[in-house]
Amino acid sequence: MSLFSLLFFCAFVVSIGIYYLIPKKYQWVALLIYSAGFFYLSCNPATAVYLVISVISAALAAKMIHRCKANENDKYARLALITGLVINLGILAALKYTNFLLSNLNSLSGVLKVMPAIPMTEWAAPIGISFYTMQIIAYLLDVYWGITEPQNNVAKAALFIGYWPQLTSGPIARYNDMKEQLYSGHEFSWRNVTFGLQRMLWGLFKKLVLSERLAVMVDMVYSDTAYFNGIYIWAAAVMFMFQLYTDFSGCMDIIIGASECYGIVLPENFRRPFFSRSVQEYWQRWHITLGTWLKDYVLYPLMRTRKWKKLIQKTGKKFRGKAAKQIPSYLGMLVVWLLIGLWHGGDWKYIIGMGLWFFGCIVLSKVLDPWFKKAKDALHINADNGVWHLIQSLRVLLLVAIGNVFFRLDSLEAALHALMQGLILEGHDSYYYSKLWTLGLNESNRNVLLIGLLILLTVSLLQRKGSVRELIARQNIVIRWIIYFILIFSVIILGRYGPGFDAQAFIYQGF
Amino acid sequence: MSRKQIYEKLADVFEDVFDQRIALNDRITARDVEGWDSLTHIILISAVEDEFGVKMDMKSVQRLTNVGAMVDLIEELLAK
């Protein structure tokens, strides 16, 4: 079900009404029913079988882990943990990565001429599988590490795993942060509902007013990279970066806002990433819950294994000084970045563009850091200077835009071709350059986009000082409602939706 | 081992990991030390474990919010 359809809006309003009318102890049941309904309307209902297997296996494994731990039987607790992880990761791998494996095998056998090509699978995956599988892994490990108690009620565990707002695109939440909120019930709060609706409205503004217009510009250039080159490629790369941000963060605003209406606070996924001074900082502010998950459930456990510690000792003997410490760290980072790439999809374009490219940027910045510091000192550059901050942020934007070219284009070859086209600086006539200022939009739409981006920038700057919604709430009723009406009517009038216009699904939907 | 002795040993570990002598106190967090990111944090934990001969579990590692919490945990593990 599209989050900007009339059906969704009506169903959501009714869901809030019922939620607050029923006794608090049954509210979680209502949320479970809504989640089942949302799932049914959002993807192939037959795929529910995978979700059911995941829920039951996670609930049983968590219970077994806890029981074995209580009996101090770590061997069986570990066995239960591994079983739970294998089942859930197995489903994810089979549904999302089988074709990637098969296409690589086919390529290899094509070269070696050892066997005929294996046909690709057409297995449908349930909505949100990447997100809920990560929640399950975190849940099982948290139970194993004694961070949380298991949920004994399978239906309640199902709600944690398949809570409908998170099924579209996350955020990836932890059981400890969610259990009280999901199961204890909430009194009606005017503030929660109005703040939630405001946040959803802001998300709709980002998606329907900004992201959909940016998509037109990006599509125009990337649909014909044989014709467009030079500055057009870079303009499209920058536009896609903003499209991805307004799309994904807009989706998060709708999800987090919808959940807030029920009184349930989901973790934030963005913290003004375009103000970052380094690629590393950018990734600490972009898709935050994915980064934190990888840190806590992959990087830390991996670097605390005996084998990893032995590796550190070996590199300590072979290398000296900084290199001895840095090499194992970089290897840990490499594993994380390969997983980030693979998480985005089973395709080399993701592994290279969303994984290895950013890994390379971060490692290079760390290796070159001493020279950067020396150069900065020699040039008497003040690190706190606003202009220097701006230059650093622009450098980050350029590097991120390059990585995102791989995300946007259909294949690794297409992305590399586009980037090569970006290096062509041949002369063209004035007609060729005339499209640069609108990139497929008419002038009025271009102006709407520019004003919208300015509003987005202003809100981002205000967010540095605190919550913008709190700031609006402190204004008198006239100013408050002027702001709300502007936002409501800009979405209704300027939003790209409705008959004759098919708003694109969220980019991260279906991950 | 007294808290003061733990701090002295911990200062050596920090110097080895961050390549600089840091005047440690209970309130120091990752934000106060240049280069103390998530990656260095886990390297620091391993170095602390080796230096003090203790083993921190994942539950504790995720909850270490400042140097004071780290010293509390070391004290607790040494007392076991």
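Of all residues in segment A:129-146, which are of a type outside the set (Phe, Trp, Tyr) and either touching a strand residue (DSSP E or B) at 6+ places or on another chain (Cβ under 7 Å) or within 13 Å of chain B (Cβ to nearest Cβ) (or both)? Correct list: A:138, A:140, A:141, A:142, A:143, A:146. If the condition is being basic (Lys, Arg) and touching a Leu at 6+ places or on another chain (Cβ under 8 Å), then segment A:194-229 contributes A:206, A:213. All of (1) within 25 Å of residue A:177 (Cα to Cα); (2) more than 13 Å from chain B (Cβ to nearest Cβ); (3) among the small types (Gly, Ala, Ser) hold for residue A:291 with one exception: (2).
For segment A:153-190, filtered to residues that are free of Cβ contacts under 8 Å to residues at least 40 places away in the same chain and part of a helix (DSSP H, G or I), the residue that is surrounded by the most Cβ atoms within 10 Å (Cβ to Cβ) is A:160. Scanning segment A:371-399 for residues that are touching a residue at least 24 places away in the same chain (Cβ under 8 Å) and either in contact with a helix residue (DSSP H, G or I) (Cβ under 6 Å, 6 or more places away or on another chain) or among the small types (Gly, Ala, Ser) (or both) gives A:393, A:396, A:399.
Just checking, does segment A:113-131 include any residue being touching an Asp or Glu at 6+ places or on another chain (Cβ under 7 Å) and under 25 Å from residue A:48 (Cα atoms)? Scanning segment A:113-131, I find no residue that is touching an Asp or Glu at 6+ places or on another chain (Cβ under 7 Å) and under 25 Å from residue A:48 (Cα atoms), so the answer is no.
Among the listed residues A:124, A:93, identify the single one that is farther than 20 Å from residue A:58 by Cβ and within 32 Å of the chain's Cα centre (by Cα). Before you say what the answer is, go through the steps one by one.
On the way: A:93 fails: farther than 20 Å from residue A:58 by Cβ.
Every option except A:124 fails the conditions.
So is residue A:197 within 14 Å of another protein chain (Cβ to nearest Cβ), more than 18 Å from residue A:30 (Cα to Cα) and surrounded by 15 or more Cβ atoms within 10 Å (Cβ to Cβ) or not? Talk me through it step by step, then tell me what you get.
Working: within 14 Å of another protein chain (Cβ to nearest Cβ): no; more than 18 Å from residue A:30 (Cα to Cα): yes; surrounded by 15 or more Cβ atoms within 10 Å (Cβ to Cβ): yes.
No; evaluated as a whole, the condition is false for this residue.
Meeting the requirement of 1 or more residues that are aromatic (Phe, Trp, Tyr) and more than 14 Å from chain A (Cβ to nearest Cβ), the helices (runs of 4 or more DSSP H) wholly within segment B:5-80 are B:38-52.
Residue A:375: more than 25 Å from residue A:134 (Cα to Cα), touching a Gly at 6+ places or on another chain (Cβ under 9 Å), part of a helix (DSSP H, G or I) and not charged (D, E, K, R), yes or no? Walk me through it before giving the result.
Details: more than 25 Å from residue A:134 (Cα to Cα): yes; touching a Gly at 6+ places or on another chain (Cβ under 9 Å): no; part of a helix (DSSP H, G or I): yes; not charged (D, E, K, R): yes.
Considered against the rule, which asks whether it is more than 25 Å from residue A:134 (Cα to Cα), touching a Gly at 6+ places or on another chain (Cβ under 9 Å), part of a helix (DSSP H, G or I) and not charged (D, E, K, R), residue A:375 comes out as no.
Only helices (runs of 4 or more DSSP H) wholly contained in segment A:438-500 count here; list those with 3 or more residues that are more than 21 Å from residue A:250 (Cα to Cα).
Values: elements: A:443-463, A:468-473, A:477-489.
Once the helices (runs of 4 or more DSSP H) in segment A:438-500 are filtered for at least 3 residues that are more than 21 Å from residue A:250 (Cα to Cα), what remains is A:477-489.
Within segment A:316-327, restricting attention to residues that are under 16 Å from residue B:39 (Cβ atoms) and surrounded by fewer than 16 Cβ atoms within 10 Å (Cβ to Cβ), which residue is farthest from the other protein chains (Cβ to nearest Cβ)?
Applying the first criterion (under 16 Å from residue B:39 (Cβ atoms)) to segment A:316-327 yields A:322-327.
Still in the list and also surrounded by fewer than 16 Cβ atoms within 10 Å (Cβ to Cβ): A:322-323.
Details: A:322: 8, A:323: 13 Å.
Going through the qualifying residues, I end up with A:323.
Only residues that are part of a loop (DSSP other than H, G, I, E, B) and more than 15 Å from residue A:409 (Cα to Cα): list them for segment A:318-366, please. Break it down stepwise before answering.
Taking segment A:318-366 and keeping what is part of a loop (DSSP other than H, G, I, E, B), we get A:319-321, A:345-347.
A:319, A:320, A:321 - these are the residues of segment A:318-366 that are part of a loop (DSSP other than H, G, I, E, B) and more than 15 Å from residue A:409 (Cα to Cα).
Tell me whether segment A:408-416 contains one or more residues that are under 21 Å from the mean Cα position of the chain (by Cα), among the basic types (Lys, Arg) and crowded, with 16+ Cβ neighbours inside 10 Å. Yes, segment A:408-416 has at least one match. Listed by first and then second residue, the pairs linking a residue in segment A:1-29 that is aromatic (Phe, Trp, Tyr) to a residue that is loosely packed, with under 15 Cβ neighbours inside 10 Å, with Cβ atoms under 7 Å apart and 6 or more places separating them unless they lie on different chains, are A:20/A:188. Inside segment A:20-52, residues that are under 14 Å from residue A:160 (Cα atoms) and among the small types (Gly, Ala, Ser) make up a count of 3.
Kindly establish whether residue A:420 is in a helix (DSSP H, G or I) and either over 20 Å from the mean Cα position of the chain (by Cα) or surrounded by fewer than 14 Cβ atoms within 10 Å (Cβ to Cβ) (or both). Break it down into steps so the answer makes sense when it comes.
Working: in a helix (DSSP H, G or I): yes; either over 20 Å from the mean Cα position of the chain (by Cα) or surrounded by fewer than 14 Cβ atoms within 10 Å (Cβ to Cβ) (or both): yes.
Yes, satisfied.
One line per residue, one yes/no per condition, for (1) buried (at least 22 other Cβ atoms within 10 Å of the Cβ); (2) modelled with pLDDT of 95 or more; (3) of a type in the set (Ser, Thr, Tyr):
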site: A:51; (1), (2), (3): yes, yes, no
site: A:64; (1), (2), (3): no, yes, no
site: A:71; (1), (2), (3): no, no, no
site: A:85; (1), (2), (3): no, yes, no
site: A:118; (1), (2), (3): no, no, no
site: A:122; (1), (2), (3): no, no, no
site: A:133; (1), (2), (3): yes, yes, yes
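The values are calculated or read from the model by the stated rules, or taken from the named source; none is laboratory data. None of these values were measured; they are calculated from a predicted model. A quick note on method: Cβ atoms are made from the backbone with ideal geometry, for glycine too, and the neighbour counts reach across all protein chains shown.
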